[in-house]
1. Consider only pairs whose beta carbons are under 8 Å apart and that are at least six residues apart or on different chains; among these, list those whose first residue lies in the range 3-21 and is at pLDDT below 95 and of a type in the set (A, V, I, L, M, F, W, C) and whose second residue is buried (at least 20 other Cβ atoms within 10 Å of the Cβ) and outside any helix (DSSP H, G or I).
2. Scan the range 54-75 and tell me whether some residue there is at pLDDT below 95 and of a type in the set (Ser, Thr, Tyr).
3. I'd like the full set of residues that are more than 15 Å from VAL49 (Cα to Cα) and under 12 Å from the mean Cα position of the chain (by Cα), limited to the range 92-126.
4. What pairs come out if I take residues in the range 83-102 that are surrounded by 15 or more Cβ atoms within 10 Å (Cβ to Cβ) and charged (D, E, K, R) and pair them with residues that are outside any helix (DSSP H, G or I) and at pLDDT 70 or above whose C-beta lies under 7 Å away, six or more apart or interchain?
Amino acid sequence: RKECVKLNGQLPAYTQEFGAELGVQVSLTDRLEASAPGRVLQVEIVDAVSQGNAFIGHQKYARITGKLYEDGNLVASFKGRRNSMGGAFAGYKGSCSVLGRTMKALGKDIATWLLNPVDGARLGDM
């Protein structure tokens, strides 16, 4: 919990970035009100697990859950997971950088899901 603290900000930022590319408006807020009018997406990072290292090989994954509310009513939810071994030049990357790759992939997964939010969807490597 003390390391890789940027992950909490990376996931929403990547979701917003990929949302813009796909034509989905994503606004970020510091305070979540599921009962607010309109659409509200609640996303939680359930796990961010770092095993291995640059010398023996990275084995990282992140798991998330999400709930989409419309006018206070739950309309759809998802679970997601992304795995990463670090990609190219993984031996030169730190653990937090590799976990950041999972946040980027999950952000794209969420933005794509928002185009057609199916209840019970399983995103990424699930």
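1. Pairs that qualify, where the first residue is at pLDDT below 95 and of a type in the set (A, V, I, L, M, F, W, C) and the partner is buried (at least 20 other Cβ atoms within 10 Å of the Cβ) and outside any helix (DSSP H, G or I), are CYS4/ALA48; LEU7/ALA48; LEU7/ALA62.
2. Yes, the range 54-75 contains at least one residue that is at pLDDT below 95 and of a type in the set (Ser, Thr, Tyr).
3. LYS104, ALA105, GLY107, LYS108, ASP109, ILE110, ALA111, THR112, TRP113, LEU123, GLY124
4. So the pair list comes out as ARG101/SER84.
The values are calculated or read from the model by the stated rules, or taken from the named source; none is laboratory data. Nothing here was measured: the structure is a model prediction, and the numbers come from that model. Virtual Cβ from ideal backbone geometry, glycine too; neighbours counted across all protein chains shown.
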